[in-house]
Amino acid sequence: MDRINKNYLFDILLIVCAVVPVIWSLTIDLKGCSDCHYWFQRSGSLMVLFAVLLELNSLKYHEVKGSKNTFVNGKRVAISEELPVFKKAMRITGFLLAIAGTFIWGYGDLPFKS
């Protein structure tokens, strides 16, 4: 498996690590006691953390100023218009995960308030 495919797998792993704790903590809070509805809210911070890591990983794909080439670790990968669709999707996914995680982190306790 080449380096770029491993990079894609790492992106997918980061997304899984961002989403699974949120789902797990939501089920715990829905089934839990009446006083312990805070795990869902706290899981938002993990979602933000993994979204930031996803964004940092996508920084490896950057455009060199004044050039139409895209480089990964100093090697030309694609013309900027030909940036892999997967990497574009990862950038958008990281952005959306950061927004969702921030919302959960800030307001995740409200659905459980009586």
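The values are calculated or read from the model by the stated rules, or taken from the named source; none is laboratory data. Given the structure is predicted, the values throughout are model-derived calculations rather than measurements. Here the Cβ positions follow ideal geometry from the backbone for every residue, glycine too, while neighbour counts run over all protein chains shown.
Brief remarks follow.
- Flag set for Leu53, criterion: surrounded by 13 or more Cβ atoms within 10 Å (Cβ to Cβ), out of contact with any strand residue (DSSP E or B) (no Cβ under 8 Å at 6 or more places or on another chain), modelled with pLDDT of 70 or more and hydrophobic (A, V, I, L, M, F, W, C).
- Across region 85-114, the qualifying residues are those that are over 17 Å from the mean Cα position of the chain (by Cα) and among the hydroxyl-bearing types (Ser, Thr, Tyr), and the one among them that is modelled with the highest pLDDT is Tyr107.
- Any hit, region 71-84, residues being assigned to a helix (DSSP H, G or I), at pLDDT 85 or above, within 23 Å of the chain's Cα centre (by Cα) and closer than 30 Å to Asn5 by Cα: no
- Counting only residues that are farther than 15 Å from Gly108 by Cβ and modelled with pLDDT under 90, region 11-50 holds 4 of them.
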